[in-house]
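A.B. asks: Sharing a structure below in C-alpha cells format, with a few things to ask.
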Amino acid sequence: MPFMPVKFNLQKRVKLAQGLWMIYWLSVIVGILLFSLGIFFKIELRKRSEMMDNNESHLVPNLLILVGLLACGVNAFGGKVCHDSLDPIKFAKWKPMLKPFLLLCCGFNALLLLTALLCFLMQFAVYLTLAEGLKNSIKFYKDTDTPGRCFMKRTLDLTQIEFRCCGNNNFRDWFEVQWISNRYLDMSNDLVKDRVLSNVEGKYLMDSVPFSCCNPGSPRPCIQHHLTNNSAHYDYDHRIEELNIWTRGCREALFSYFSSMMTSIGVLIIATIILESVDMAGLKYLTTALETMEDPENPECESDGWLLEKGVKETFGDLLAKLKTLGKTNQVVEGGDAPEAAN
Amino acid sequence: MVVMKMKFPFEKRVKLAQGLWLLSWCATVAGAFTFSLGCILKTELRRRAEVMDNSDVHVVPNTLMIVGLASLGINYFASKVCQDALDAGRFPRWKKMLKPYFAVSCFFTVLMLLAVIMSYAMKGSLESSLKVGLRNGIRFYKDTDTPGRCFQKQNIDRLQMEFQCCGNTDFKDWFEFQWISNRYLDFSSKEVKDRIKSNVDGRYLVDGVPFSCCNPSSPRPCIQSQLTNDSAHYNYEYQTEELNIYLRGCREALVNYYMGLMNTIGAGVLSVFLLQASVLVSLRFLQTAMEAVEGNENTEIETEGYLLEKSVKETVMEYINPVMKFLMLKNQVEEGTPGNPEIPTDVNVKPGLF
C-alpha cells in the first residue's frame, strides 16, 4: 500500500519535471543567500570582537557558510537530474545515484535543523560574551599607550556613538572605573590628590562619562561632568534629565542587534528546510512515476508516483530491521576476527 | 557633399542590424542605469538639504533623471526599427518618423554630455551654498526651542560626527557664535555677566566647541572647553594638539564627498553617452543603407550608407529653420525683436558675492 499515491500521465510528468527544475534553482539561490548571510555574520562578529573580549564563538557563521555551499551543490545536482529526467537515456545514468541522493538530502535537512536550533540557542552565549567583553573594554578605555589595547578607546567611543548607548548596563558603569589615564592627571594638584587618596584602590573616580555618551538630540549642550551634582549646572536635575546622555546600556543595544540578526537567519533556515522537503517530495514523485511506467518505449503511458513504497509504519519497521541486521553482521565479523587479533 | 560614406554589402547590412539590436538593448539598460544614478545623487543631496542654502546644484540629478528616461524611450524605438530594418516591406513605415526622431535623440544625447560637464562645473556653486548653509547652521545651533530650527543642533551634531569635521571653515567658527542658549546660562553668576558685558553685541562667546567635534582617535579624553588656554589643562598645548578635535572644516568635507560622488557618476554617464552616440550613428548608417535598397526588386544589392547628406552646416540650418519659423523668430528679426523670452535676464543674486 504506497503512501500518498498520485496518478501521472505524460503532461503531468512534464509539468512536474519543469516545476521541480525551477524550484531547485530557487533553492540554489536560497543557498547562495545563506552563504552570503554567513559571511556577513562572520564579518559583523569580527568587527565587534573587541567588545566581546576576542573569544566569541564563530560556530554559527561557519556552519551557515558550510550549509550554504552544500545547499548550492545538492540543489544544483537535483536540478540537473530533473532536467535529464524526461529523456530516458540520460535519466538511466542518474538512476542508481537517486537513493543515496535522497538519503543525503535527509541528512542535509537534519543539519539545517541543527543550524536553526543553534541560531536560536547561541544568542545566550553572545549575551554572556558581551557582558564580559564590555566590562573589560570599559576597564581598558584609558590604556591608549598599552600595546594591544591602543584602540580600545576608539572602538568603544565609535560603538557608543553608533549604537546610541553608554556603558555596560547603563552610564553608571563609567563612575566605577578610572577612564582618564594618569598621564593626563596633574598629580601635584590638591583636588586630584584628595580624590585619589579617598579611594581604597587609589583610583581617580568621577561622576562623569566620555563624550561618546552624549545624545545629539538634547536641546542643551552636553553635560558630561558632575552628572549627579545638580548645583554644578544651571537649571539641571539629574533625576529627570533624559535627553542629555544615552540612558541605554551597550550590552542591551549590541545584544538586540545580534539577536535580531540571528533570529531572522533562523527563520530563513526554517523556510529553507520547508523548501528542501518540498524538493525531496517532488523528486521522489518524479522518480517513482518514471520507474513505474509499464511500457518504457511509449512515453505517453500512465504511471503511478508515491512518497513511500509501503506505509509509514512499515517503512520505519523495515529501516529498524535493516539497522539491526547491520549491527548483527558486525558482531559476526568481530567474532571471526577476534582469534586472529589475539594471535 | 556627403559626410562619411561607407559601402554596405548585404551581409554587412545584416550584421549591422543584428549588432545594432544588441547594442540598443544594452543602451536601454544603460539608460535605466543613468536614471538610477540621478536618483541616488538627488537622494544624497536631499539628505543634507538643511546645510545647503540653495538647490542650484539639483539641476545635475534632475537632468540625469530626464536624460535616463528619454534614453530608455530612444533606445527602445531604435531596437524596434532595426528589427524591421531588414524586411523591405516593413521598413518604409518607420521612414517618416526617423527625421524628428534623430533630432530629438541628438538633443538628449547632447544634454547627457552637458550633465557630465555641469557635474564638474557646479563645484563653485555647491561650495558657496554650503558656506551660507553651514554658517546659518552654526548660528541657529542654540535655537532648539524656535519652531523651524528645533533640529538644527541635532543635524549639525550628526553631520560633524559622520563626516569627521568641525565648524564651517574650521573649528574656530564656533568661537564666533554663541552656541549655548541663554536658557542654560546662569545670569546671576559673575563670570557669565562679565563675559556678556565684554562682548559688543552682548553675546556669550567661549573658546569651546560642541562634543560632536571630538575625535574618538585621541589618546586622551576630549578637551572641549577653554581650547586656547594651555594652563587650563594638564599636559596640553593648543598649538601642537592635533588629535583632540577634528581639524577639518565641514564645508571642505562635504564638498569632497559630493565631488567624489559626482565624479564617479560623471564617469559612468560618459560611458553611457558613448554607447548612446554609437547607437545613433549605427542607426543612421542602417537607415541610409536601407533607403537605397527601396524600390529595387533584388534586396541583396550593395548600397552606400552615409551620416549626413549635405555638409554639417547645411544640415544644422535645415533642422533649425523649421524650429525658428515655428517660434516666428526669423520673421521678426528684421522688424526688431520685441522682448525675446528665450534670452534670460540675469536677476539672480549670486551667493558668491558675500
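The values are calculated or read from the model by the stated rules, or taken from the named source; none is laboratory data. The structure displayed is predicted, hence computed values, not measured ones. Glycine also receives a Cβ, built like all others from the backbone with ideal geometry; neighbour counts cover every protein chain displayed. Ligands, DNA and RNA are excluded from the accessible area calculation, which covers all protein heavy atoms including side chains. Shrake-Rupley method; radii C 1.70, N 1.55, O 1.52, S 1.80 Å.
A.B. asks: Looking only at segment B:223-233, count how many residues are free of Cβ contacts under 8 Å to residues at least 12 places away in the same chain and surrounded by fewer than 17 Cβ atoms within 10 Å (Cβ to Cβ).
C.D. replies: So the answer is 3.
A.B. asks: Same structure, new question: Any residue in segment B:37-50 that is under 15 Å from residue B:273 (Cβ atoms) and crowded, with 21+ Cβ neighbours inside 10 Å?
C.D. replies: Yes, segment B:37-50 contains a residue that is under 15 Å from residue B:273 (Cβ atoms) and crowded, with 21+ Cβ neighbours inside 10 Å.
A.B. asks: Follow-up question, since we're still on this one. What are the pairs, 6+ residues apart or on separate chains, where a residue within segment A:26-54 that is touching a residue at least 24 places away in the same chain (Cβ under 8 Å) and farther than 18 Å from residue A:263 by Cα has its Cβ under 7 Å from a residue that is buried (at least 18 other Cβ atoms within 10 Å of the Cβ) and acidic (Asp, Glu)?
C.D. replies: Pairs that qualify, where the first residue is touching a residue at least 24 places away in the same chain (Cβ under 8 Å) and farther than 18 Å from residue A:263 by Cα and the partner is buried (at least 18 other Cβ atoms within 10 Å of the Cβ) and acidic (Asp, Glu), are A:27/A:276; A:27/A:279.
A.B. asks: While we're on this one: I'd like the full set of residues that are open to solvent by less than 90 Å² (accessible area, probe 1.4 Å), under 17 Å from residue B:250 (Cβ atoms) and not β-branched (Val, Ile, Thr), limited to segment B:130-151.
C.D. replies: B:130, B:133, B:134, B:136, B:137, B:140, B:141
A.B. asks: In segment A:50-72, which residues are open to solvent by 20 Å² or more (accessible area, probe 1.4 Å), over 14 Å from residue A:125 (Cβ atoms) and over 11 Å from the mean Cα position of the chain (by Cα)?
C.D. replies: Listed by number, the residues that qualify are A:50, A:54, A:66, A:69, A:70, A:72.
A.B. asks: Listed residues B:113, B:126; which is open to solvent by 10 Å² or more (accessible area, probe 1.4 Å) and either assigned to a helix (DSSP H, G or I) or away from chain A (no Cβ under 14 Å) (or both)?
C.D. replies: B:113
A.B. asks: Take the residues in segment A:135-172 that are assigned to a loop (DSSP other than H, G, I, E, B) and among the hydrophobic types (A, V, I, L, M, F, W, C); name whichever of them is farthest from the other protein chains (Cβ to nearest Cβ).
C.D. replies: Residue satisfying both the conditions and the ranking: A:165.
A.B. asks: Tell me which of these residue A:244 doesn't satisfy, since it passes every other one: (1) open to solvent by 40 Å² or more (accessible area, probe 1.4 Å); (2) more than 8 Å from chain B (Cβ to nearest Cβ); (3) in contact (Cβ under 8 Å) with a residue 12 or more places away in the chain; (4) within 22 Å of residue B:153 (Cα to Cα).
C.D. replies: Evaluating residue A:244 over (1) open to solvent by 40 Å² or more (accessible area, probe 1.4 Å); (2) more than 8 Å from chain B (Cβ to nearest Cβ); (3) in contact (Cβ under 8 Å) with a residue 12 or more places away in the chain; (4) within 22 Å of residue B:153 (Cα to Cα) leaves (1) as the failure.
A.B. asks: Taking the condition within 24 Å of the chain's Cα centre (by Cα), assigned to a helix (DSSP H, G or I) and small (Gly, Ala, Ser), does residue B:212 pass?
C.D. replies: No; evaluated as a whole, the condition is false for this residue.
A.B. asks: Give the residues of segment B:234-267 that are open to solvent by 20 Å² or more (accessible area, probe 1.4 Å), more than 14 Å from chain A (Cβ to nearest Cβ) and either outside any helix (DSSP H, G or I) or among the small types (Gly, Ala, Ser) (or both), sorted by residue number.
C.D. replies: Hits for segment B:234-267 are B:238, B:239, B:240, B:242, B:247, B:248, B:260, B:267.
A.B. asks: Quick check on segment A:173-208: of everything there that is in contact (Cβ under 8 Å) with a residue 12 or more places away in the chain and within 10 Å of chain B (Cβ to nearest Cβ), which residue is nearest to the chain's Cα centre (by Cα)?
C.D. replies: In this case the residue turns out to be A:179.
A.B. asks: Further, regarding this structure: Those residues that are buried (at least 16 other Cβ atoms within 10 Å of the Cβ) and facing chain A (nearest Cβ under 9 Å), I need them from segment B:164-183; list them, please.
C.D. replies: B:179, B:180, B:181
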